[in-house]
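The values are calculated or read from the model by the stated rules, or taken from the named source; none is laboratory data. None of these values were measured; they are calculated from a predicted model. Glycine gets a Cβ as well: all are built from the backbone with ideal geometry, and neighbour counts include every protein chain shown. All accessible areas refer to the heavy atoms of the entire protein, side chains included, with ligands and DNA or RNA removed. Shrake-Rupley method; radii C 1.70, N 1.55, O 1.52, S 1.80 Å.
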Amino acid sequence: MLSKAELYYFSPTGGTKKAGEIFCKGIAKGVKLVNWGLRDKKAEQPASELSVIALPVFGGRVPAVAIEKLKELDGTGKKAVTLVVYGNRAYEDALLELNNAAEARGFQVVASAALVAQHSIVPKVGKGRPDEQDQASILAFAGKVLDKMEDTAAGEVKVPGNVPYKAEMAVPASPVSLPACKLCGACEAVCPTGAIRQERGTIATNPENCILCMACVAACPEHARILPPPMQEKMDQMLGALEAVRRENEYFL
Ligand SMILES: Cc1cc2nc3c(=O)[nH]c(=O)nc-3n(C[C@H](O)[C@H](O)[C@H](O)COP(=O)(O)O)c2cc1C
């Protein structure tokens, strides 16, 4: 076991954080959590033996807002494990994009994984993931990573993906607030891009900034923040068939 690791994560609805924490439990006695979903927070530079970087997959890529946070780190001489967490569809170029970005900051990527979590737009897809079976396989992977870190002759990590990456996902519409909204400000507080503002007794969402991450929907205590119903129906139709499919985690050492 390592004595300490950092977990850098961007996790609008909690699945990425959960998967990252399972991995960290298997690799280090103490973990420093660094939430990249917080706006205007000063960068916390890696100080421990290992940086674990966990990002969700959005449209087969990793969110640009999280890559901007990664660009603030100096990983020179530091080891990293990279994790992408996806909603049981596909992770496409996300892991390659994350690894390239980490290596560009000087990190040595010692291992990577693509892990499955509940889909944050269509929660019946990947429901309850990561589950007990995932937990056991993620912990077994953590053990192998520890072995690899002791092996000075260990090679580079190769992950799937293509360059140029998939085009960045277009955001067709932003979440909306229902009349049950009590203007508590929870949505505004969690928005990682500052797209939400209270204006004259209503919630205004700037579609230019919204990345559709679902943090505001997950944070609303009144369940009064939703995707526009026609869009939710379309997403349910597009992804619904994946409810019956179980994608497995993939590990790269
Ligand atoms: C805008 C958006 C795009 C997504 N794109 C994909 C995708 O391409 N493939 C996939 O399997 N899951 C996709 N998902 C599901 C998320 O990757 C998955 O639910 C992840 O666990 C979300 O992380 P979080 O729980 O930390 O917010 C997408 C979710 C959102 C909100």
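Only one entry of Lys124, Lys148, Lys158 meets the criterion of being surrounded by fewer than 21 Cβ atoms within 10 Å (Cβ to Cβ), basic (Lys, Arg) and part of a helix (DSSP H, G or I), and that entry is Lys148.
Against the definition (within 15 Å of the ligand (Cβ to nearest atom) and open to solvent by less than 50 Å² (accessible area, probe 1.4 Å)), how does Val81 come out, yes or no? No: the conditions fail for Val81.
Yes or no, residue by residue, for (1) open to solvent by less than 20 Å² (accessible area, probe 1.4 Å); (2) away from the ligand (no atom under 16 Å from the Cβ):
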{"site": "Lys25", "(1), (2)": "no, yes"}
{"site": "Trp36", "(1), (2)": "yes, no"}
{"site": "Glu68", "(1), (2)": "no, yes"}
{"site": "Ala90", "(1), (2)": "no, no"}
{"site": "Ala102", "(1), (2)": "yes, yes"}
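Condition first: open to solvent by 30 Å² or more (accessible area, probe 1.4 Å), over 22 Å from Ala94 (Cβ atoms) and of a type in the set (Ser, Thr, Tyr). Can you find one or more residues in region 180-196 that meet it? Scanning region 180-196 turns up no residue that is open to solvent by 30 Å² or more (accessible area, probe 1.4 Å), over 22 Å from Ala94 (Cβ atoms) and of a type in the set (Ser, Thr, Tyr). Does Ile53 satisfy being out of contact with any Pro (no Cβ under 9 Å at 6 or more places or on another chain), in contact (Cβ under 8 Å) with a residue 24 or more places away in the chain, under 22 Å from Glu248 (Cβ atoms) and away from the ligand (no atom under 16 Å from the Cβ)? Judged against the criteria, Ile53 is not a match.
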